[in-house]
Amino acid sequence: MTPRPLIPARTLIPARIVRALALTTLTLLLAAAIAGAAQLSVRDEGHLRYVTSYGSQLIDEGPARGTMPGKVRVWFVYNGEPNVGARFTIYGRDGTISGRGRARLSSPTSLTPSFRGAFAITGGSGRYSRARGGGELYGVFMRHGYGLIVQTIGTLRY
């Protein structure tokens with residue numbers, strides 16, 4: 001006597017259909033993961049004015065124009081050396097983006113030394129709560145009035 005199958009033969013799903021369903025499910029999961037992580041090429045510029053200072057840290061703010069428009073606030077560290085550093089926050093319509101940068105002044109004794117370096121996006125809020133990225137940082141530091149002109153070119157992943 002042959003053993004009777006636990007599931008009747010007419011209710012078994014053919015292997016080719018199981019494979020097709022598995023492949024479709026995997027494709028949909030992969031597409032959802034990719035769609036959840038956006039990447040954007042950014043190019044922004046800000047003409048910032050001096051607000052206040054704490055020791056060698058200057059705080060400047062002003063409008064940012066470009067890919068990520070909004071208001072930007074920069075904590076710029078200048079101590080007389082050619083190397084400068086900064087932290088920044090961009091306040092946009094859909095949330096904030098924060099990061100840091102390092103640069104080198106081209107002619108430290110000039111009244112308006114330009115600088116060049118790199119920046120990294122370290123986080124954010126709202127739509128940009130998982131923001132990461134980075135790129136190149138350019139600008140001019142105006143000793144008279146402590147203003148900044150800053151330009152960033154890079155990539156934002158969120």
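The values are calculated or read from the model by the stated rules, or taken from the named source; none is laboratory data. Just so it is clear, the structure is predicted and the values come from calculations on it, not from any experiment. All Cβ positions, glycine included, derive from the backbone under ideal geometry; neighbour counts span all protein chains shown.
Table for the structure above
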item: Every residue from region 112-127 that is modelled with pLDDT of 95 or more and not polar (S, T, N, Q); result: P113, F115, R116, G117, A118, F119, A120, I121, G123, G124, G126
item: Residue list for region 79-110, filter: assigned to a loop (DSSP other than H, G, I, E, B) and closer than 15 Å to G139 by Cβ; result: P82, S106, S107, P108, S110
item: Only listed residue being touching a Leu at 6+ places or on another chain (Cβ under 6 Å), surrounded by fewer than 17 Cβ atoms within 10 Å (Cβ to Cβ) and hydrophobic (A, V, I, L, M, F, W, C), chosen from L40, L48; result: L40
item: Count - residues of region 52-67 that are at pLDDT 95 or above, loosely packed, with under 14 Cβ neighbours inside 10 Å and either under 19 Å from H144 (Cβ atoms) or more than 24 Å from the chain's Cα centre (by Cα) (or both); result: 1
item: Residue in region 83-96 that is closer than 16 Å to P63 by Cα, touching a Lys or Arg at 6+ places or on another chain (Cβ under 6 Å), free of Cβ contacts under 8 Å to residues at least 24 places away in the same chain and crowded, with 18+ Cβ neighbours inside 10 Å present; result: yes
item: Meets criteria (outside any strand (DSSP E or B) and in contact with a strand residue (DSSP E or B) (Cβ under 7 Å, 6 or more places away or on another chain)) for T122; result: no
